[in-house]
Amino acid sequence: MKKLILSISLIIVGAGLHAQQDAQFTQNMFNKLSVNPGYAGSNGGICFTLLSRTQWTGFDGHPQTHLFSTDALIFSKHGVGLTVFQDKLGIESSLVAKLAYSYHLTLGPGSLGIGIDAGMLSKSFGSDFIAVDDPTLDPSIPNAGTSASTFDLGIGLYYNIPNKMYVGISTLHLTASELKDVANGSSGEGALNFAQSRHYYIMAGYDWDIRQDKKWVVKPSILAKTDAASTQLDINALLMYNNLVWGGVSYRIEDAIAVLAGVNIPQLPGLKVGVSYDITTSTLSDYSNGSLEFMIKYCTNITKPPKREVYHSVRFL
């Protein structure tokens, strides 16, 4: 087991640093803002989202990712948003915090959001490296305590017909910055040297009202993501009953099959809770117990109620 963990860590911390995917979520259909700033404000009100993912349970140092995001539509055409997420994999910790802005244009029956986000990307390395040999003997492994931050930038387009369909395309990490921190003087031993790759996303989804009464609605969707070195495709299908509960499946090509379930809380309109469980289909299935993910999302309108005006006719005194 230790040799396997060492091999995976070396791939991630070494050459893999030059072509590494962003943190992933199975319930991506509820997490559009973090990968496409054009989405900000698309719900027409204000939304808050919490996601927590534990990946590859059974491994020491398995990935753990936590995300908070919020977005709102203001002045009818302007969307704003905030995304903060922390991702930890073994000795590596990543933190992203970014603000998003989108401008919404009416286009046919829907709305096109043109968005940009900007913020900070930070990486740091701890001391709990698991290895057969002393990791400090390998100069390519960053020393404990090394960290670096850089400016991050992304753009996106998001077209949405409410309760019907959506499609989006975006590019993140446009600056493709390098994060560097020399730990031991100028020798370069134990230095942090991370080259952030640009990431490209395509998303699309459709709502099929089977009987035209909103009793049963099928929601197929896809999310494609690539950093030009590796590509990942998620194919999802949810079945919603009476706008109350849903269940479904997701397939991540050559990686995992997931089951999803969730509920809209009728006592608190706008609040939904979801869960997903990934069953690993790759060679990691011999060592991993799968991945578990929880989601909480709350949306509400922020428009002011119309002002009540009373009119008295001079004819009736």
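What pairs in 32/123; 32/225; 88/219; 215/297; 123/297 have C-alpha atoms more than 20 Å from each other?
Checking Cα-Cα distances, 32/123; 88/219; 215/297; 123/297 exceed 20 Å.
Estimate the FRET efficiency between residue 114 and residue 249 by the formula 1/(1 + (r/R0)^6), using the beta-carbon distance for r and 25 Å for R0, to the nearest 0.05.
Rounded to the nearest 0.05, the efficiency is 0.15.
Rank the residues 215, 32, 88 as a footprinting-exposure proxy: fewest other Cβ atoms within 10 Å of their Cβ go first.
215, 88, 32
Between residue 208 and residue 289, what is 0.36 nm times their sequence separation minus the Cα-Cα distance? Round to one decimal in nm.
Gain in length upon complete extension: 25.8 nm.
Relative to the present Cα-Cα distance, how much length would full extension add between residue 267 and residue 167 at 0.36 nm per residue of separation?
Result: 32.9 nm gained on full extension.
With labels modelled as points extended 7 Å from the Cα through the Cβ direction, what inter-label distance (nm, one decimal) is found for residue 198 paired with residue 95?
About 2.8 nm, to one decimal.
Work out how much length residue 176 to residue 241 would gain on full extension: take 0.36 nm times their residue separation and subtract the Cα-Cα distance, in nm to one decimal.
Gain on extension, residue 176 to residue 241, equals 19.1 nm.
Between residue 301 and residue 229, what is the FRET efficiency for a Förster distance of 51 Å, r being their Cβ-Cβ separation, to the nearest 0.05?
For residue 301 and residue 229, the calculated efficiency is 0.75.
A short reminder: the numbers here are calculations on the coordinates, not readings from a lab. Worth saying up front: this structure is predicted, and the values here are computed from it rather than measured. Positions of Cβ are backbone-derived with ideal geometry, glycine not excepted, and every protein chain shown enters the neighbour counts.
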